[in-house]
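Bear in mind that the values in this text are calculations on the coordinates, not laboratory data. All of these numbers come straight from a predicted model, not from anything done at the bench. Cβ: placed from backbone, ideal geometry, glycine included. Neighbour counts: every protein chain shown.
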Amino acid sequence: MSLSSSSTPLIIAGREIRSRLMLGTGKFSSGPLMHDALEASGAEIVTVALRRADLSGKKDPFANILEFIPADKYLLLPNTSGAMNAQEAVRLARLAVAAGLPNWVKLEIHPDPRYLLPDPIETLAAAEILVKEGFVVLPYINADPVLAKRLQDVGVATVMPLGSPIGSHQGITTRRQIEIIIEQATVPVVVDAGIGVPSHAAEAFEMGADAVLVNTAIAIASDPVRMALAFKAAVEAGRAAYEIGVAGASALASATSPLAGIFAGAQDFEG
Ligand SMILES: CC(=O)[C@@H](O)[C@H](O)COP(=O)(O)O
């Protein structure tokens, strides 16, 4: 039996999503390799950076990319990364829909290329506009519980707090804040960015996250297909552990073979 077979389904904006692992499509060394890694990952949601597409209207803007991401197999999630403010992000999202892409959008606004940290004010402003226009908005945010709540109130479909800066492989350095976001969430929480190894992904699920988004760690691996499989296994393991329920840490030891209560009259414990 697969670890995932008893997992509760992930629902985003009323749609059942077959995998809790989302993938980004940047940094792969070739289209065929990306195709095979996507397949191995089992992901359904796949982000595509709009800035890499030709949105001039002269030709199919995603012709090259779609060759390797069959639209019938994946839900393409256009990503506004590269937008410096709300106006640019909204423009990119509208262009994507005009070009025939789904009205789902990963809202990503980061003005500083050095740290790629999301701008909270512009993100909230853009989310308000896009939700009103009927977009399914998945905003990438710093791990800020107050902002996450404000975005939920606006009507976003998920919140996507960063574990650490994009491409940094630092893992979940924002753990306490993400725990608060999860505690307060009324929409799925997707831990996004900085997930460098499969155990980081497992950690996110053990904390109670609903999904993770991974790009760099898989794309730049020496064997992206095998790394995608490793992430898939970690996602399933972490989610299964969360659903089963993990015991809290204790300062004291607890004997693994307590004799009392098992053999009548026995009083001692084995370590
Ligand atoms: C692809 C995408 O959406 C990125 O913006 C995302 O945040 C990935 O981060 P990593 O590359 O650190 O996995």
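At a 10 Å Cβ-Cβ cut-off, how would you order 192, 119, 112, fewest neighbours first? Could the numbers behind the result be given before it?
Numbers: 192 30, 119 21, 112 9.
Fewest to most other Cβ atoms nearby, the residues stand as 112, 119, 192.
Report Rg(Cα)/(2.2 N^0.38 Å) for the stretch 107-205, keeping two decimals. The partial results should precede the final answer.
Working: Rg = 12.9 Å, N = 99, 2.2 N^0.38 = 12.6 Å.
My calculation over the Cα atoms of the stretch 107-205 gives 1.02.
Rounded to two decimals, what is Rg over Rh for the stretch 3-270 when you use alpha-carbon atoms and the Kirkwood radius? Write out the running numbers ahead of the final one.
On the way: Rg = 20.5 Å, Rh = 19.4 Å.
Looking at the stretch 3-270, the ratio lands at 1.06.
Would you be so kind as to identify which of 9, 48, 145 lies farthest towards the positive end of the dipole of the chain, taking Lys and Arg as +1 and Asp and Glu as -1 on Cβ and the Cα centre as origin?
Value: 48.
Who wins for biggest fluctuation among 32, 120, 78 in a Gaussian network model of the chain, springs between alpha carbons below 10 Å?
Maximum among the listed residues: 32.
Hey, can you rank 241-247, 24-30 by average C-beta count inside 10 Å, highest first? It would help to have the intermediate numbers written out before the result.
Details: 241-247: 10.6, 24-30: 17.6.
The most tightly packed comes first, giving 24-30, 241-247.
Out of 145, 70, 102, any idea which swings most in a Gaussian network model of the chain, alpha carbons joined below 10 Å?
70
Starting at 0 and stepping by 5 Å, how many percent of the alpha carbon pairs of the stretch 115-271 end up in each bin?
It works out to 2, 9, 15, 16, 15, 12, 9, 6, 4, 4, 3, 2, 1, 0, 0, in whole percents.
So, with +1 on the Cβ of K and R and -1 on the Cβ of D and E, and no other charges, what is the size of the charge dipole of the chain about its Cα centre, to the nearest 20 debye?
Values: 21 positive and 28 negative charges, 135 e Å.
Using only the charged Cβ atoms, the result is roughly 640 debye.
Only Cα pairs within less than 10 Å get springs; with that Gaussian network setup on the chain, which residue of 67, 39, 88 has the largest fluctuation?
Highest fluctuation of the listed residues: 67.
DSSP beta bridges in the stretch 3-270, what fraction antiparallel, as a percent rounded to 5?
Numbers: 5 of 28 bridges.
Of all bridge pairs located within the stretch 3-270, approximately 20 percent are antiparallel.
Once Lys and Arg get +1 and Asp and Glu get -1 on their Cβ, which of 167, 219, 30 lies farthest toward the positive end of the dipole of the stretch 3-270?
Checking the options against the dipole of the stretch 3-270, the answer is 30.
Give me the number: length gained by fully extending residue 233 to residue 30, i.e. 0.36 nm times residue separation minus the C-alpha to C-alpha distance, one decimal in nm. Numbers along the way, then the final one.
Details: separation 203, 0.36 × 203 = 73.08 nm, distance 2.39 nm.
Length difference between fully extended and current span is 70.7 nm.
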